[in-house]
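In what follows, a structure is listed as structure tokens, so that the remarks can point back to it.
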Amino acid sequence: MPTSSRRIHRPTRLEDVDRARFWSQVDVEPSGCWYWLGPINGKGYGVYGRWMAHRLAYTIVKGPIPDDLTLDHTCRNRSCLNPDHLEAVTNTENIRRGIAAAASEKGGSQKDPD
Ligand SMILES: [Zn+2]
């Protein structure tokens, strides 16, 4: 079925995502984290087109994320896409965890592929 598009590759729907291209930008680390090698936004999260890269990875592997839930990185690496390191929680819970994590440790490992 022909689904070619001449537009800039900015998929908004899951069906439009070029999965091979998406996964080619992921580097699996010995630690178990799947580092995103593509663009990172100002908050440290990977982005792919109009998607947050970790949300896209989770959606592909585990299924849709309920509208009222957000994904928390249990490994605290915001650029990690490993669905097993992502937990769907309420936004309130995620913020609470983020504050707690920020209070206990500052910074983190940023990986620059180049
Ligand atoms: Zn991780």
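Each value in this text was obtained by applying a stated rule to the coordinates, not by laboratory testing. Keep in mind the model is a prediction, meaning the values are calculated, not measured. Please note: Cβ atoms are built from the backbone with ideal geometry, for glycine as well, and neighbour counts cover all protein chains shown.
So what are the ³J(HN,Hα) numbers for the range 15-31, from phi and the Karplus equation (6.51, -1.76, 1.60; θ = phi - 60°), rounded to whole Hz, Gly and Pro as x?
Values per residue, Gly and Pro as x: 5, 8, 6, 7, 5, 4, 5, 4, 5, 5, 9, 10, 10, 7, 8, x, 5 Hz.
For the range 16-104, what is the convex hull (Cα atoms) projected area averaged across all directions, in square nanometres? List each step's numbers first, then the result.
Details: hull surface 24.0 nm².
Averaging across all directions leaves 6.0 nm² for the Cα convex hull.
Give me the net charge of residue 17's neighbourhood, meaning all other residues with Cβ under 13 Å from the Cβ of residue 17; Lys, Arg count +1, Asp, Glu -1.
Numbers: positive: 10, 13, 19, 21, 50, 55; negative: 15, 16, 18.
Taking every other residue near residue 17 into account, the sum is +3.
With +1 on each Lys and Arg Cβ and -1 on each Asp and Glu Cβ, how big is the dipole of the range 16-104 about its Cα centre, in debye rounded to the nearest 20? Present the calculation step by step, with values, prior to reporting the outcome.
Numbers: 10 positive and 10 negative charges, 41 e Å.
The dipole of the range 16-104 has a size of about 200 debye.
Between residue 41 and residue 74, how high is the FRET efficiency from 1/(1 + (r/R0)^6) when r is the Cβ-Cβ distance and R₀ = 30 Å? Nearest 0.05. Intermediate results must be reported in sequence, preceding the final value.
Working: r = 20 Å, r/R0 = 0.67.
So the FRET efficiency works out to roughly 0.90.
Once the piece of chain linking residue 104 and residue 18 is laid out straight, how much longer is it, given 0.36 nm per residue of separation minus the C-alpha distance between them?
Stretched fully, the residue 104-residue 18 segment lengthens by 27.1 nm.
Using the Karplus curve 6.51 cos²θ - 1.76 cosθ + 1.60 with θ = phi - 60°, work out ³J(HN,Hα) for each residue of the range 79-96 in order, rounded to whole Hz, and write x for Gly and Pro.
With coefficients 6.51, -1.76 and 1.60, one gets 8, 7, 10, 4, x, 6, 9, 10, 10, 6, 9, 5, 4, 4, 5, 5, 5, 4 Hz.
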